[in-house]
Structure formats: C-alpha cells, structure tokens
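Scroll down for the structure; my scribbles are underneath it.
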Amino acid sequence: MTERVEHRQLFIGGEWADPLGTGTIEVVSPHTEQVIGSVPHASRGDVDRAVAVARRAFDEGPWPRMPLDERIAVVTRIKDAIAVRHEEIARSISSQNGSPYSWSILAQALGPMMVYDAAIQVARAYAYEEHRQGVLGPILVRREPVGVVAAVIPWNVPQFVAAAKLAPALLAGCAVILKPSPEAPLDSYILADIAREAGLPEGVLSLLPADREVSEYLVGHAGVDKVAFTGSVEAGKRVMEVAARNLTRLTLELGGKSAAVVLPDADLEAAVAGIVPAAWMNNGQACVAQTRILAPRSRYGEVAEALAAAASALVVGDPLDPATQLGPLVARRQQERSLEYIRIGQEEGAKVLVGGGRPAGLERGWYVEPTLFGDVDNGMRIAREEIFGPVVCLIPYGDEREALGIANDSEFGLSGSVWTADVEHGIDFARQVRTGTFNVNTFSLDMLGPFGGYKNSGIGREFGPEGLGEYLEHKMIHLPGGYGSGAGA
C-alpha cells in the first residue's frame, strides 16, 4: 500500500507559499482506486503571483544575465539530484499513472537525466552570436532568451516532458512556470525540492498544479512570452487559440498514430521484439507508440501469429511490481475510452486477435488487456484516432507503395518505424514518410536530434539545437561599414 502524501503549499518563484484559494487536487491510484495524495489546486491569483515573480526574475534578475557556465552548473545539480532520487521519482510516477515500475526507472527517472545531459551538451556548443557580412554591411546576429515560459505537461511521462522543456528554457536564461497535470502532480514536488537545493535564483521556477480552466488562464496571461505544451490535439488547438490573442510564441507536442512497417524481407523475430515494447509502451499511453503495424499480405499470418504470441505473454498487474510489463490506465475515463474503442473496432469488422477486455483477476483498478486487432482497414476509426491505451491495429498491405500510402494516410505525423533486411532501403523508405521522427530496425528517441511532429502532431521541436532554439529570440544588429576589418573594430 502506497503511503498517502499530502502537500499544503505551492512552489512559487523558488519558495513554498500558501495557496490563495482553498481548492485541492486528490490523486487516485489507478491500481487500487484509492486516494494516495493531495496537493493544493492553484488559482488564477496564484498564476498572477507566479507570473509576477517570473517577470521580475527575467526582466531584472541575474538568471538571464549569468554566464552560461553558471546556468549549466545549476542545471547539472538538478540532473545529479534526479540521479540520487531516481527510484523515489519512479515510484511516485508509477503510483500516480500506472506506468510499470521497470519502465518508470528508465523513462520517468533516468530518461530525464539524459535530457538534461544532452541539453547541456547542446547549450555549450550553441552559437549565441554570429557575425555575418550582410548585403549592406556587417551584421551581428544574436540569440537571446525568449522570456517567461509557461510549460504545460501531461500525466503520462511528467518528468521526461518537464525536462524536455525546463532544460533548454533554463539554459537559455528563461524563467519558467511549470503546470503539472492534476492526475500526476506529486512528483513535481520532488522536482521543486531539487530545484530549490540546486540554487535557482528567486523567481526563476514555479510549479502550479491545476485543471484546464486555470491552465488556460496561464496560457493566455499577458506576462507570458512563450507557451510549451504537450498533450492532445484538441487541447493543443485550444492552447494555440488562446496564445494567439497575445501573439505568444508556442511549441506544441501533440498526438500520434504511428506506423511500424514490416517489409517482406524483415527478420520477423527481431521486428516483433522491437515493435511490441514500442506499441504497448507505458500501457499504450505514449504519443510515439507504434499503434499501427503494417504487415505484407504475403507474410500476414506469420506476423499476426508472432505478434499475438508476444502480446499474450505481456505480464499485466500492479505497476509497482518489478515483473509487471503492463499496468493500469491513468484514470477510469481512459479505461472506458479504450474499452469503447475495442467495441467500435469489432463493430467496424476488425478481429480481436488478443485481449479485448479487462484482465481476469484484476476487477479492481483501471486495467485493459493488451489488445491486438487483426484485419484492420486504415479507414477504420481504430486506425485513425489516437486511443492512448493498449489497443494496437494490424493492417495488411499489398506492395511497398501501398504500405507507404497507408503510413502517410493519417492526420498525425509524429513517429514511425520500418523493419527490413536492407538498412539503406529502410532509410530510403524513411525519407518518404511524413513524420517528425522515424526509426530503421530500431525504436528510440535521441535527445541530441529534433523531436516533434508533422501535421496534427504539433508545431516546433524539442531536443537538440533545434529544441534550444525554440527558447531563443533572434536579433539582428547592423554595424557600420568596415567594422571588423580594423576600422572601428
């Protein structure tokens, strides 16, 4: 039984402060359906306070004016403290959202450390000033911090997504207001402790757990210079609409319906070993999950049999049990959503090859069996809409041209993979798929390259120099003729 955790204060500008409102957020275990913690519900007044201190920190404080090495030292201390407390972070997140603990250790705790490490490497090498010879004379191009950032993060990988936004924003010299999801706010209090001990100056970081209404108020606040949002497509559209009122800069990392394409020459054993964890990762609650598996008709039965056997072998149970590979979904609404899509898929004519309901012996908790649909047509709703649960589609195709067409026939464009004996051919296939990231005979997410989506999967990029650039404004300074050649230099 997880010990109940109660927090009564908010973290505003680096200090613990009593909330202005009286609302609370209760955190419910998806495994036991019992309340395991509570935090204050930030109000609009709390947002105003956080924005005010962030504005002072950015406009007048030392943080954006510090030498880069000093900011790197603070961010390094944050990363090192996460390493010390990684098991505590993993347990906290698994207790809140149902992530299997073994996966949480890697993705929810060690993953953020890799994000901070990569961001530091990028920041050291980044060109913040560049002299150019312009058409009319010499110019100096500068990259300067964008300002106060509102970072709105989801419940599925909260510390990983927080790091994806905090690391480049802090290294760039921005002040940040981090808005955790109401389903998973407890781990943000660990992060607040870490940030305070790392020595962030006053006002640079606030953490405000809140619902959608207060989040919208934050996103639309006139004191915010940039919004960094990760979540659903519909929520992202609303964020964009609200931010547009102030022409607030923004990046959106949204949903996905990614295709894993098995080519006829693929090593099936290796392909299945790579696709299964990529399809059902984090209980299917991952934007990059490979939820459409495309198999050639010439090998369809063979692929279906291998995938069904692998999916059937997944261990479902208590997320804090190290043996568990698939835990409960984060909330009852997510369980009901997945079960409804399973019903829809059957009505549309798809065949349940594995799963299709609640796991036996797990009547309590928001569990759904790992489910594999066969004979799926790409026009079916289960193939077109993001389910965000452990429901995967197996889609047959004829030739490679059809496979490419199916992979691209989606409103999403976030991730994908191809499995083939010919890596060079796989690279050529990858070049033709309209997604922001793609994999050949593997599945990973490298923090030194740009991550983001085409189409409805988002706007902007995270990670790599492209991700750091999202937290910087570009300024051009015109210089007098002859500058740099000796005269007036």
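Every read-out reported here was derived from the displayed coordinates using simple, explicitly stated rules and does not represent laboratory data. Treat the numbers as computed from the prediction; the structure is a model and nothing was measured. Cβ sites come from the backbone with ideal geometry, for glycine too, and all protein chains shown count toward neighbours.
Of note:
- Measuring r between the beta carbons of Asp265 and Thr76 and using R0 = 35 Å, the FRET efficiency lands at 0.15.
- Average Cα contact separation per residue, the chain, under 8 Å, 6 or more apart, as relative contact order %: 18
- Distance between the pseudo-spin-label points of Arg245 and Glu363 (7 Å out from Cα toward the beta carbon): 4.9 nm.
- Sites listed here are trypsin sites (Lys or Arg not before Pro) in the range 311-406 whose DSSP assignment is loop and whose Cβ has at most 14 other Cβ atoms within 10 Å: Arg364.
- Taking all Cα-Cα distances within the chain, those exceeding 39 Å account for 25%.
- For the range 3-94, the relative contact order works out to 22 percent when only alpha carbon pairs closer than 8 Å and six or more residues apart are counted.
- Fewest-first ranking of Arg55, Arg124, using other Cβ atoms within 10 Å as the exposure measure: Arg124, Arg55
- The modelled label-to-label distance between Val5 and Arg401, using points 7 Å beyond Cα along the C-beta direction, is 5.6 nm.
- Spin-label model, Ile477/Arg332: points 7 Å from Cα along the beta carbon direction are separated by 6.0 nm.
- Cα gyration tensor shape of the range 251-328, rounded if a/c is under 1.5, else prolate or oblate by comparing a/b with b/c: oblate
- Kirkwood radius and radius of gyration were both taken over the C-alpha atoms of the range 198-254, and their ratio Rg/Rh is 1.00.
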